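Colleague: Below is a structure I'd like to ask you about.
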Amino acid sequence: MNDLPRVCVVGYGVAGRLHHRLLEAAGLRVCTVDPALTGVPVGAHSRRAIEHSPAVRDMPGPVNLWSLCTPTQVHTDVLAEVLERDPRARVIMEKPACRAQDVPRLLALLERYPEARVVVMNQYRHAHALRLLDDLRRQHMPDQPVTAVRVAFSKDRRADMAAGRFIDRDHGVFGYEWPHMLAVASRLLPPDTYRGYVEGPVQDVHGVVHDDYFVTTARERAVLADGVELELYSSVVGDPPGDTGAPDWTRPFRHSTGGRRRLAQIQTGPALFTAEMDPVALPDGGRLPANTHRLTAQLPTGCQEVLVNDSPMDNALRTAVARLLGDLPLPPVDLTPVHRISALAARFGRDRATAAAAGQLSGGAV
Ligand SMILES: NC(=O)c1ccc[n+]([C@@H]2O[C@H](COP(=O)([O-])OP(=O)(O)OC[C@H]3O[C@@H](n4cnc5c(N)ncnc54)[C@H](O)[C@@H]3O)[C@@H](O)[C@H]2O)c1
């Protein structure tokens, strides 16, 4: 057993526990670092106690792989601690890689430790359901151009935030599901069109600000190359029934557990192709089994539905482990999502946000 690679999950909160479960299932030995850990964590499958430590430097023994799941604002500090301990460390970083103000320090670390190997999580790049959605489009509308791509990822984080879960006050709503939505857009748009969007200026964004949580809901629209329309919408305070902020196209789709609703839609001429990503709500209030996504093709001739079972996070973690433990060259860390979410958050400057918030969630549209 002891020759299995050993992975240290740093930051044992919601993301850290998920990484623990999936990495253990992928055959790695798991240990954890978290200064706030109370009690002994146990293996997700073995239920045996696992090693834990309050600091990276104190974790005994060799570590083959690191998985950084701390709050975003300390990602770069923790990466520095890991690389100081092991200049050749192999590291998975949760998204977003860091804050925009940390980018120079992150790049300096990568330059100072050229033998380090780093992968940033981007699980929706690994979602088979999105590839199948695009296959459906090609099958039914092979000769029609895509006219619009729409993505909406919402969840209600209010109870979690009140209970002490990490709050992204640097990016607000853009720091949680938005990087996932960018990954979805990058899967559904032609590569050059996506690059033109993500590296281009912000065209149109509206949102709601809260005096503590910063932006809690936002809707971005852009017209891209060849007139393709892109729309991204996210809320971290749920979409109350009748909410006027949620785009009309999201309304036919129900919210699932925790106020989650994760939608990706392609419009092609008269046809609509929609992926409802896990967790998918059922009309009786239940949900489809875990990791089951529903694809719907609304065609002039009728409607077709397909269910796909697939875990994007599991795919992404297993791919990252294989790449990091191998020695093929890795692509450079992609920091375009960090720049994009930072540019979007900058449109809701702190002073403006505070003035508009006027108390609770009734903050002004920007
Ligand atoms: N890929 C995904 O689907 C996904 C899902 C959730 C969160 N995330 C990302 O994961 C990160 C963590 O989010 P979360 O929701 O799990 O937060 P969380 O608040 O649930 O957990 C963060 C944990 O990190 C610990 N921590 C804080 N500072 C630390 C340090 N210096 N060293 C070690 N541990 C430290 C905290 O004690 C806490 O237990 C964020 O960057 C978030 O964007 C990604």
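The values are calculated or read from the model by the stated rules, or taken from the named source; none is laboratory data. Because the structure is predicted, anything quoted here is derived from the model rather than measured. Virtual Cβ from ideal backbone geometry, glycine too; neighbours counted across all protein chains shown. Just so you know, the surface numbers come from the protein's heavy atoms only, side chains and all, with ligands and any DNA or RNA stripped out. Shrake-Rupley method; radii C 1.70, N 1.55, O 1.52, S 1.80 Å.
Colleague: Mind checking which of Leu22, Ala100, Pro87 is farthest towards the positive end of the stretch 6-120's charge dipole, using Cβ charges of +1 (Lys, Arg) and -1 (Asp, Glu) about the Cα centre?
Modeller: Ranked along the dipole, the leading option is Leu22.
Colleague: Of all beta bridges DSSP finds with both residues in the stretch 6-120, what is the antiparallel percent, to the nearest 5?
Modeller: Around 5 percent of the beta bridges assigned by DSSP in the stretch 6-120 are antiparallel ones.
Colleague: Here's a follow-up. How large is the dipole of the chain about the Cα centre if only Lys and Arg carry +1 and Asp and Glu carry -1, each at its Cβ, rounded to the nearest 20 debye?
Modeller: 480 debye
Colleague: Once you order the gyration tensor axes a ≥ b ≥ c over the Cα atoms, which shape class does the chain get: rounded for a/c under 1.5, otherwise prolate or oblate by comparing a/b with b/c?
Modeller: Prolate.
Colleague: Counting only protein heavy atoms, what percent of the accessible surface of the stretch 6-120 is carbon or sulfur at a 1.4 Å probe?
Modeller: Ligands and nucleic acids excluded, carbon and sulfur give 52 percent.
Colleague: For the stretch 64-109, what does the alpha-carbon gyration tensor say about shape, rounded, prolate or oblate, given a ≥ b ≥ c as the root eigenvalues, a/c under 1.5 as rounded, and a/b over b/c as prolate?
Modeller: oblate
Colleague: How much length is gained on full extension from Arg221 to Val333, taking 0.36 nm per residue of separation minus their Cα-Cα distance?
Modeller: Length gained between Arg221 and Val333: 37.7 nm.
Colleague: Follow-up. Given the chain, what percent of its DSSP beta bridges are antiparallel, to the nearest 5?
Modeller: Bridges in the chain that DSSP calls antiparallel: roughly 65 percent.
Colleague: Given Cβ point charges of +1 (Lys, Arg) and -1 (Asp, Glu) and nothing else, what value in debye, to the nearest 20, does the dipole of the stretch 6-120 about its Cα centre take?
Modeller: The dipole magnitude comes to about 340 debye.
Colleague: Rolling a 1.4 Å sphere over the protein heavy atoms, what is the accessible area per residue of the chain, to the nearest Å²?
Modeller: Per residue, the chain has an accessible area of 45 Å².
Colleague: Using label points projected 7 Å from each Cα along Cα→Cβ, tell me how many nm separate Ala159 and Asp211, to one decimal.
Modeller: 2.6 nm
Colleague: I'd like the antiparallel share, as a percent to the nearest 5, of DSSP beta bridges with both residues in the stretch 255-313.
Modeller: 100 percent
Colleague: Continuing with the same structure: From the Cα trace of the stretch 6-120, what convex hull volume per residue do you get, rounded to a whole Å³?
Modeller: Each residue corresponds to 91 Å³ of Cα convex hull volume.
Colleague: With r defined as the distance between the Cβ atoms of Arg254 and Arg169 and R0 fixed at 22 Å, what FRET efficiency is calculated, to the nearest 0.05?
Modeller: Between Arg254 and Arg169 the formula returns 0.10.
Colleague: Please report the spacing between the Cα centers of the stretch 28-78 and the stretch 125-178 in Å, no decimals.
Modeller: Computed from Cα coordinates, the inter-centre distance equals 29 Å.
Colleague: Report the charge-dipole magnitude of the stretch 1-69 in Debye, nearest 20, computed about the Cα centre from +1 at each Lys and Arg Cβ and -1 at each Asp and Glu Cβ.
Modeller: Computed about the Cα centre, the dipole is about 140 debye.
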